[in-house]
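The values are calculated or read from the model by the stated rules, or taken from the named source; none is laboratory data. Since the structure is predicted, the reported quantities are computational estimates derived from the model, not experimental observations. Using ideal geometry, Cβ is built from the backbone for each residue, glycine included, and neighbour counts are taken over all protein chains shown.
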Amino acid sequence: MPPNRPVSTIWFATSNKSKAPEMRELARIHGLDIQVVPLKIEELQTEDTQVLIRNKTMQAFERLRLPVIVDHASLRMGCLAGLPGTLTQLFWDRLGGHRLCEIAERLGDNSAEAVSTVGYCDGMKVYSFEAGLSGNIARTPAGTRRFQWDSIFVPSGHSRTYAQMTMAEKNAISQRRQALDKFFEFVTST
């Protein structure tokens, strides 16, 4: 059940400074304001997205004691049977973009899916909103915006990586946009 009164400010807990501008722009489209709270949350190392997002959301709420959202981005590679998935940060830190591109090339399957899961706690319950976008892994990292795997993911129907797109271009199609649209519809309904 949605909140019984409209929400105009959303508290967003993240330690990733690159997510804030995207989130603010997407919230603005819905007439909402994002207040970023720089908060480092230890993520469970699990393949279960719902367990991970629930844990991450509850940690944020317990520390802030405010209605809060968190975001988790996953990259699922066809050549790795859906990995790294929820473990994307671990893979990225260990292998980086060049090696992930090389793995997809060598295994002969560059298909991928970008997934965004948004968790929200209103103080009573945890909700999650998820969306995915099909695409491919680029042959080599490309683009000027170095926001993790944005430099290697090419959305279906496009020829450029997320990192080669402007923020507006990316926000128009991204899985984060789709997941946040679901969330914003939820919190603004009465």
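What the table shows:
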read-out: Residue within the stretch 26-37 that is without any contact (Cβ under 8 Å) to a residue 12 or more places away in the chain, on the phi < 0 side of the Ramachandran plot, part of a loop (DSSP other than H, G, I, E, B) and not small (Gly, Ala, Ser) present; value: no
read-out: Residue within the stretch 27-45 that is in contact with a His (Cβ under 9 Å, 6 or more places away or on another chain) and either at pLDDT below 95 or under 20 Å from Arg145 (Cβ atoms) (or both) present; value: yes
read-out: Candidate set from the stretch 7-32 (those that are of a type in the set (S, T, N, Q) and either closer than 22 Å to Met165 by Cβ or in contact with a Ser or Thr (Cβ under 8 Å, 6 or more places away or on another chain) (or both)); member that is surrounded by the fewest Cβ atoms within 10 Å (Cβ to Cβ); value: Ser18
read-out: Considering residues of the stretch 85-114 that are in contact with a Pro (Cβ under 7 Å, 6 or more places away or on another chain), surrounded by 15 or more Cβ atoms within 10 Å (Cβ to Cβ) and not small (Gly, Ala, Ser) only, the residue farthest from Phe184 (Cα to Cα); value: Cys101
read-out: Looking only at the stretch 49-81, and only at residues there that are exposed (fewer than 15 other Cβ atoms within 10 Å of the Cβ) and under 18 Å from the mean Cα position of the chain (by Cα), the one that is farthest from Glu22 (Cα to Cα); value: Val51
read-out: Exclusive hit being surrounded by 15 or more Cβ atoms within 10 Å (Cβ to Cβ), within 13 Å of the chain's Cα centre (by Cα) and of a type outside the set (Phe, Trp, Tyr), set Thr161, Thr117; value: Thr117
